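Everything on this sheet refers to the single structure shown next.
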Amino acid sequence: MRQEPRKLSPESLPARWNRHNSRIRRFVPEPSAKSRFDNEAILQKIRVVQLIVPNRSRAFTLIELLVVIAIIALLAAMLLPALSAVKNRAKAIECLNDERQISLATKLYLDDNGGKMIPLWIQQGASGWANWNYDAGSFIVQAVGFLWWPDSLRLAGYAPATKLFSCPILTQPAALAGGGSVSTNNTLGIAMNYPEYGAIYPAGTWGAPVYAPCSEMQVRAPSQSVIFADGGAISAPAQTDPDLWQEVPGHACVYFRVPSDTAGYPVGDSRSVPRHGGLVNVGFFDGHAARIKNRSIRYDLPRTDNNNMWSKNYE
């Protein structure tokens, strides 16, 4: 059987071990009262030092927190403009795609209507046009008694999406737009070339010039002729450089005037505007779209000059 180990006690140790331990204890002095006092004094000094010098591992100091906040603010100031620029570029691309879709929808309208261009607007009761039921909640342009081209395309099913006709970079509804192109629900801002392409059809006598309508066969260079563009009122109509035209907030339009509108063009209530980083989105008659310099439309050239992009046939 396995035996349990013996437990040793001081009494069971040999006598020589006890004599050896007693000799060792003679050389270990007992702590004196003075040494105990010195130890207490040292401990007291350590406590005082701990009170004076805080433990840095427990928390940040105020200066450290301020430095961190300053660094975060500096990084935010550097990054936010870049993020804003990226966001605006994305909106410019979205607007360009919208104009491309509108141009293609207009081509479908032309194909279904014998090559005749969709009117800029039709007044209720105009000869040769059917009446419609106006609804302020669903109409893109809120002009009682008038059917503007965005609602014509929408109601006919060529471009049913309401947001397609509002530039995504704009934030204010077009409640102050001129020429009756107003809306309290939409920002608008994608405009038709008037009067080269968009003709008006009043119900009776009209106080402004009524230009002849456009047909597909009249367009001389479809890939070089601008039919749609970012449009709105500008603050300085006398400014001769189109790249410097500044848009007035809340005045975006669904039409833009070109020099052949001799009566309305000088007013400046509706022009093509470079609202996308100094560039203007345009849709061409052949259905493609591009972002270009506003001055490249060449409003400074006469209608008969084939280097301009605003006239339909240079005649």
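Readers should treat all values here as calculations from the given coordinates under stated rules, not as data from a laboratory. In this text, all values refer to a predicted model and were calculated from it rather than measured experimentally. As a convention, Cβ positions derive from the backbone with ideal geometry for all residues, glycine included, and neighbour counts pool all protein chains shown.
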In whole angstrom, the spacing between the Cα centers of the stretch 229-290 and the stretch 180-228 equals 13 Å
Surpassing 22 Å at the alpha-carbon level, of the pairs LYS107/LYS293; LYS107/LYS312; LYS116/LYS312; LYS91/LYS163, are LYS107/LYS293
Footprinting proxy, VAL67, VAL273, VAL144, VAL254: sorted fewest to most Cβ within 10 Å, the residues are VAL144, VAL67, VAL273, VAL254
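Given the convex hull of the Cα atoms of the stretch 88-297, what is a quarter of its surface area in nm²?
Values: hull surface 42.1 nm².
Averaged projected hull area, Cα only: 10.5 nm².
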Under the 7 Å Cα-to-Cβ spin-label approximation, LYS163 and LEU79 lie apart by a distance in nanometres of 2.6 nm
In nm, the gap between the two label points placed 7 Å beyond Cα toward Cβ at TYR211 and THR262 is 1.3 nm
Footprinting proxy, TYR314, TYR299: sorted fewest to most Cβ within 10 Å, the residues are TYR314, TYR299
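When a footprinting reagent is the concern and you count Cβ atoms within 10 Å, what order do ILE292, ILE118, ILE63 take, fewest first? Before the final figure, lay out the partial values.
Details: ILE292 17, ILE118 22, ILE63 8.
Lowest count first: ILE63, ILE292, ILE118.
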